[in-house]
1. If only one of GLU140, GLU163 is of a type in the set (Asp, Glu), modelled with pLDDT of 95 or more and more than 17 Å from VAL86 (Cα to Cα), which one is it?
2. Just to be sure I understand the filter: pairs with C-beta atoms under 8 Å, separated by 6 or more residues or on different chains, first member in the stretch 196-207 and among the basic types (Lys, Arg), second member open to solvent by 10 Å² or more (accessible area, probe 1.4 Å) and not in a loop (DSSP other than H, G, I, E, B). Which pairs pass?
3. For the stretch 294-319, name all the residues that are small (Gly, Ala, Ser) and within 19 Å of GLY282 (Cβ to Cβ).
4. The conditions are (1) touching a residue at least 60 places away in the same chain (Cβ under 8 Å); (2) open to solvent by less than 50 Å² (accessible area, probe 1.4 Å); (3) farther than 29 Å from ILE124 by Cβ; (4) not charged (D, E, K, R), and THR246 fails exactly one of them. Which is it?
5. Could you tell me which numbered condition ARG180 fails, if it satisfies all but one of (1) under 30 Å from LEU281 (Cα atoms); (2) surrounded by fewer than 19 Cβ atoms within 10 Å (Cβ to Cβ)?
6. Go through the stretch 285-299 and give me each residue that's among the acidic types (Asp, Glu) and either more than 26 Å from the chain's Cα centre (by Cα) or crowded, with 17+ Cβ neighbours inside 10 Å (or both).
7. Is at least one residue of the stretch 63-76 in contact with a Lys or Arg (Cβ under 6 Å, 6 or more places away or on another chain) and either assigned to a helix (DSSP H, G or I) or surrounded by fewer than 18 Cβ atoms within 10 Å (Cβ to Cβ) (or both)?
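The values are calculated or read from the model by the stated rules, or taken from the named source; none is laboratory data. This one's a predicted model, so the numbers in the text were calculated from it and none came from an experiment. FYI the Cβ positions are ideal-geometry reconstructions off the backbone, even for glycines, and counts take in every protein chain you see. These area figures cover heavy atoms from the full protein model, side chains too; ligands, DNA and RNA do not enter into them. Shrake-Rupley method; radii C 1.70, N 1.55, O 1.52, S 1.80 Å.
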Amino acid sequence: MRDRLIITNGDEAVARMREARIEGEILPWRDILYEGPVPALPLAELSDVRARFLAERGWTSEEELRAAFRARDDVLRRHAEFGEIVLWFEHDLYDQLQLVQVLDFLAGEGRREGVSLIQSGRYIGTETQRGLKQHLHLKEPATDAHFALARLAWSAFRSQSPEAWANLLRLSTHVLPFLRLAILRLLEEMPDRRTGLSRTEATILSLIHDGVRHPSDIYEAYRESEVALFMGDWSFYCLLDALGDTAAPFIAGFNGRAFSPGLPEDARDAYFSSRLSLTHLGVSVLSGQADALQHRRIDRAIGGVHITSLAPWRWDGDARCLVPPERKV
């Protein structure tokens, strides 16, 4: 039996841990669960769904993604080979979803002994070696309360209605101290009750309105706006492009350009040199004088929820409550 398996968020965290000579096999989880469909399926089938979705975004081939997920999942299935499993995750939405997924899987496997948590309020991938070793002092055994809350959260996240996820706010989540913030942040990605924009979309339009013009500068300013940054640049630029890629755009200045991870250098430079501005409609939507969902079609998934512009759930940030779709008469 091997001593320790550490499961963490991604490759940067793995590199920092290895530089700090943290002992154990280290497994990066590598999935942006806050984006795209996450239906209630067993791990292998879910990984296939995720691979297909990420490939459709143009990030790499579906075959490569399936192979990577299969290798990752195989290590997790061999959990009995390790005397200790350490789940080492951060405070942001990206990590919290990964944490509850892995805890749910282990609980379903009956693996509760020898599981520990390191729940960090600092970003692992940017820590110094000394800082990472300080994280080790946060290690605590995973208890029945951790597993129970994670199972509720993972089930709620994959529900076809966002009500289950919002209802988690009524529970005590102190054993997973960063989960509540993650629950709220994900709900803020639902269309806003007044504007029809997600929080990220509203932030983008506000930054452009305030004079931030170039895509990379907008992303950097967005990063500063988040209390717990969770969204990577590739996801962000896709959202940014979507605000200009519509029959009635909210943003002007792309001149036919769009981001893709595979862009050649000259096309990439041209994209990042784009000087963006709000259209008249963009100004109206940002101010709440127009509803974004009346001027574009959306068809996206957040966890198990399918969001369309025809009958969307919305989020009222002031009241911190969901607004159900209007019934058509």
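1. GLU163
2. Matching pairs, first to second residue: ARG199/ARG185; ARG199/ASP192.
3. Residue satisfying the conditions is SER309 alone.
4. (1)
5. So ARG180 meets the others, but not (1).
6. Result: ASP291, single match.
7. No, the stretch 63-76 has no match at all.
Yes/no per residue for (1) open to solvent by less than 60 Å² (accessible area, probe 1.4 Å); (2) aromatic (Phe, Trp, Tyr):
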{"residue": "LEU240", "(1), (2)": "yes, no"}
{"residue": "GLY256", "(1), (2)": "no, no"}
{"residue": "PHE259", "(1), (2)": "yes, yes"}
{"residue": "LEU263", "(1), (2)": "yes, no"}
{"residue": "LEU278", "(1), (2)": "yes, no"}
{"residue": "VAL283", "(1), (2)": "no, no"}
{"residue": "ALA301", "(1), (2)": "yes, no"}
{"residue": "TRP315", "(1), (2)": "yes, yes"}
